[in-house]
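Everything below concerns the one structure shown next.
Read-outs: derived from the displayed coordinates by stated rules, not from any lab. Computed from a predicted structure; not experimentally measured. We place every Cβ from the backbone using ideal geometry, glycine too, and count neighbours over all the protein chains shown.
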Amino acid sequence: MKLKVFALVPALIAVFAVGTLLAHHSPSAIFDMKNPVAVKGTLTKVDWVNPHIVILMDSKGGSGTENWKFESNPPSWFKHVDLSRADFAKYLGKEVTVGGVRAVDGSFYGYMTKFTAPDGTVIELDLSGAVGGESKK
């Protein structure tokens, strides 16, 4: 019985590894890197999860309230540049501006490259090379 369990371990590891690789995507496959957007609205949620942090906000648009979702770099990247969930979460319920690039399908979904808080604090990702550049705070 023990032999069967040990034989399954490498197979399970392989299945999870392939799933992880397939789940990761290039930002340019989903986001139009030449279609910048700046959205002003109320920050409603900050998800500090892998593989990317997620910022949710409500913005007033032409057809009423637009529920925007922005993803960005992974939590480990933000930690590396001395930013934490608290740096974003302290603005929950407040009006912020999020800049980035919009999804190719035109939905209310984007990749965050800049976060401007109501007090003027700006967190900006330098995308001069590839997504995931340095942060300017």
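How high is the FRET efficiency from Asp126 to Lys60, r the C-beta distance, R0 22 Å, rounded to 0.05?
Taking R0 as 22 Å, the efficiency between Asp126 and Lys60 is 0.15.
Assuming R0 = 30 Å, what is the FRET efficiency of Lys40 and Ser76, from their Cβ-Cβ distance, to the nearest 0.05?
After rounding, the FRET efficiency stands at 0.55.
Run the quick spin-label model on Ser107 and Leu92: label points 7 Å from Cα toward the beta carbon, then report their separation in nm to one decimal.
2.4
Of the peptides 53-59, 67-73, how do they stack up when ordered by the mean number of other Cβ atoms within 10 Å, highest first?
Highest-to-lowest ranking by the protection proxy: 67-73, 53-59.
What net charge do the residues around Asp32 carry, taking every other residue with its C-beta under 11 Å from that of Asp32, with Lys and Arg at +1 and Asp and Glu at -1?
+1
Viscosity 0.692 mPa s, temperature 37 °C: Stokes-Einstein D of the stretch 47-118 from its Kirkwood Cα radius, in µm² per second?
Answer, rounded: 256 µm²/s.
Under 17 Å from the Cα of Lys79, which aspartates and glutamates turn up, not counting those fewer than eight places away in the same chain?
Asp47, Glu71, Asp87, Glu124, Asp126, Glu134
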